[in-house]
Amino acid sequence: MGCELLCCRLFVPLSLEEMAAGLQTQSPLSNLLRQEPDGFCCYLDRATRRCTIWQRRPLVCRRYNCNDDPKLQVVLREGFTSFGRLIEQSKLIPRDRWQSIPLLSRSPAGEVKRGRRRASGRRTKKTPAE
Ligand code: SF4
């Protein structure tokens with residue numbers, strides 16, 4: 001099971017301990033986790049849509065809940081444009097109008113299926129069509 005990978009394109013600040021443990025940063029003077037030129041985290045496996053350092057992923061990734069982030073509500077409606085726009089627009093969407101973050105899962109044959117998750121972060125029941 002994977003997701004739409006919205007949060008694996010956000011900035012992830014690292015602690016000094018995480019940097020000392022060898023997690024890659026944007027530059028020698030940065031504390032941000034390295035991103036590829038298209039904005040995805042360098043530790044994301046594109047084929048499996050999974051984190052390749054799951055057991056030692058940064059604390060920010062461990063604590064982050066995509067269904068509790070107003071910035072992703074803007075991404076769901078408008079796509080990703082810029083962080084400035086995310087911050088500005090996310091203040092305008094009332095919590096009761098938030099959409100749940102889509103989940104993706106793969107069938108045994110490898111097909112990607114879309115599912116929905118409640119705003120609480122739990123998956124909703126699949127419909128028979130899924
Ligand atoms: S470290 Fe893993 S969980 Fe964190 S942004 Fe990168 S791929 Fe995603």
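Points worth noting:
- The sole residue among Arg95, Arg85, Arg49 that is more than 17 Å from Phe11 (Cα to Cα) and not assigned by TED's automatic domain parsing to the domain that holds Cys8 is Arg95.
- Matching residues, segment 39-55, being more than 9 Å from the ligand (Cβ to nearest atom) and surrounded by 11 or more Cβ atoms within 10 Å (Cβ to Cβ): Gly39, Arg49
- Scanning segment 69-82 for residues being more than 16 Å from Val12 (Cα to Cα) and in a helix (DSSP H, G or I) gives a total of 7.
- Among the residues making up segment 59-78, those that are in contact (Cβ under 8 Å) with a residue 60 or more places away in the chain and either over 17 Å from Pro102 (Cβ atoms) or of a type outside the set (A, V, I, L, M, F, W, C) (or both) are Asp69, Lys71.
- Some residue of segment 21-33 being near the ligand (Cβ under 10 Å from one of its atoms), touching a Ser or Thr at 6+ places or on another chain (Cβ under 8 Å) and under 19 Å from Leu5 (Cβ atoms): yes
- Flag set for Gly22, criterion: without any contact (Cβ under 8 Å) to a residue 40 or more places away in the chain, loosely packed, with under 15 Cβ neighbours inside 10 Å and at positive phi.
- For segment 17-58, a residue qualifies if it is within 25 Å of Ser100 (Cβ to Cβ) and in a helix (DSSP H, G or I), and exactly one does: Trp54.
- Scan of segment 46-69 for residues that are in contact with a Cys (Cβ under 8 Å, 6 or more places away or on another chain), among the basic types (Lys, Arg) and modelled with pLDDT under 90, ordered by number: Arg49
- Identity of the residue in segment 16-57, closer than 25 Å to Ser82 by Cβ and among the aromatic types (Phe, Trp, Tyr), that ends up nearest to the chain's Cα centre (by Cα): Phe40
- Against the test of being modelled with pLDDT under 70, within 16 Å of the chain's Cα centre (by Cα) and either of a type in the set (Lys, Arg) or outside the structural domain of Phe40 (by TED's automatic domain parsing) (or both), the options Arg77, Arg106, Arg117 yield a single qualifying residue, Arg117.
The values are calculated or read from the model by the stated rules, or taken from the named source; none is laboratory data. The structure displayed is predicted, hence computed values, not measured ones. Positions of Cβ are generated from backbone atoms using ideal geometry, with glycine treated the same way; all protein chains shown enter the neighbour counts.
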